[in-house]
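Read the structure below first, then the notes.
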Amino acid sequence: MDYQLYVPLLDAGKVAKTLPRLTGSANKQKKDSPKHLPKDLSEELGHLFPEKTAHLGRENLIALIDAGKKESKKYDFGTEEPLLVILMFLFGHGCTRDPLFPWISRTLQDKQLADVTARAGQLEKKTLKWLEQVWATPKKGEQ
């Protein structure tokens, strides 16, 4: 409850615009400098979502990033690990098994998407679709 008092809901439009850039920039950073991924990703998240990262605190944010990296290994996500970190940041650390977000676990375990890039692309697409449908800002007169 404390969190809801201090951190506004995430803006779906902002997330939809930044998710592809975030995952792309994080992947590039990982290839160039894997040791700096937690710092760079935490800085990027802090810039995009200042209220949420301030509420979490640096230590908890780094712990979440580390947990996301571990979780990504379960799914052989390799260079796509920033996407799982971002999903955990947005939807909670248990999002890969949360019944509120069944599309995440289904996509991660989809045997037809054997290629990690295809799974990550599908997961990103489904995330954006979910954000569009659930967090969409109502148009004037629709409230």
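No value in this document is a laboratory result; all are computed from the given coordinates. In this text, all values refer to a predicted model and were calculated from it rather than measured experimentally. FYI the Cβ positions are ideal-geometry reconstructions off the backbone, even for glycines, and counts take in every protein chain you see.
All of (1) outside any helix (DSSP H, G or I); (2) closer than 16 Å to R119 by Cβ hold for L100 with one exception: (2).
Table: residues versus (1) out of contact with any Gly (no Cβ under 9 Å at 6 or more places or on another chain); (2) of a type outside the set (S, T, N, Q).
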site	(1), (2)
K74	yes, yes
T79	yes, no
L87	no, yes
H93	no, yes
T96	yes, no
I104	yes, yes
T107	yes, no
D110	yes, yes
L113	no, yes
